[in-house]
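Taking it in order: structure first as structure tokens, then the write-up.
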Amino acid sequence: MTTIPSLPDTAVVIGARADDWRAAVREAGRALTRSGATRSEYADRMIAVIEEFGAYVVIAPGLALAHARPGPDVRREGLAVVTLAEAVPFGHPHNDPVRVVVGLAVSNAEDHVASVARLANAFNDSGIVGRIARATSADEVRSLLGVEAGPVEGADA
């Protein structure tokens, strides 16, 4: 059974500054790369998906779930959470502006669909986006999402 990927400290950014949605998505991409889940070009692919298909990634008021299909720039499944100091519009007619960007990377198509669905379910509570946006630590974000920190790549266990 597919679960939501772990969320190491390196994949959480609190109070990021972003001038626009591309900068916000790029911040999520950098967090995924820092965690070891992706290579840097994955951020470009997440941006390209939104440019091609529109702001469908804004799945709830204030929340964007940035992702791209599995590809060679995905090293392993990964999750990143970026809270924004100031909300930015993505162009969604109902759910803009966005304060929380969740980045997701998966290594195969089946996990992609299942992980997106599980993450969407984690946000069924209408107040959770606001609580994550106000979070002050990676531990608080993990607690709200019900995910583990997971192993820290390159760290001593």
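Quick one: work out the % antiparallel among DSSP beta bridges in the chain, nearest 5.
Given both bridge residues lie in the chain, the antiparallel proportion sits at roughly 55 percent.
Using the 2.2 N^0.38 Å rule of thumb for compact globular proteins, work out how the chain stacks up: its C-alpha Rg over that value, please.
Values: Rg = 13.9 Å, N = 157, 2.2 N^0.38 = 15.0 Å.
In units of the 2.2 N^0.38 Å rule of thumb, it is 0.93.
Just to be sure I understand the model, the point goes 7 Å from the Cα along the line to the Cβ. What's the resulting Ala149 to Ala120 distance in nm?
Distance between the two pseudo-spin positions: 3.2 nm.
Would you kindly derive the ³J(HN,Hα) couplings of the range 56-64 from the backbone phi angles with the Karplus curve 6.51 cos²θ - 1.76 cosθ + 1.60 (θ = phi - 60°), listing them in order in whole Hz, with x for Gly and Pro?
4, 6, 7, 8, 7, x, x, 10, 10
So what is the relative contact order of the range 36-149, in percent, for Cα pairs below 8 Å that sit 6 or more residues apart?
Numbers: 176 pairs, mean separation 28.8, N = 114.
So the answer I get is 25 percent.
Which is the longest run of the chain containing none of the GluC sites (Glu not before Pro) found in DSSP loop states (not H, G, I, E, B) with at most 13 other C-beta atoms within 10 Å? Working shown, then result.
Working: sites that count: Glu148, Glu153.
That gives 1-147 as the longest site-free run.
Where does the range 12-86 land on Rg(C-alpha)/(2.2 N^0.38 Å)?
Values: Rg = 11.5 Å, N = 75, 2.2 N^0.38 = 11.3 Å.
Against the compact-globule rule of thumb, the ratio is 1.02.
Values in this text are rule-based calculations from the coordinates and carry no lab data. Computed from a predicted structure; not experimentally measured. FYI the Cβ positions are ideal-geometry reconstructions off the backbone, even for glycines, and counts take in every protein chain you see.
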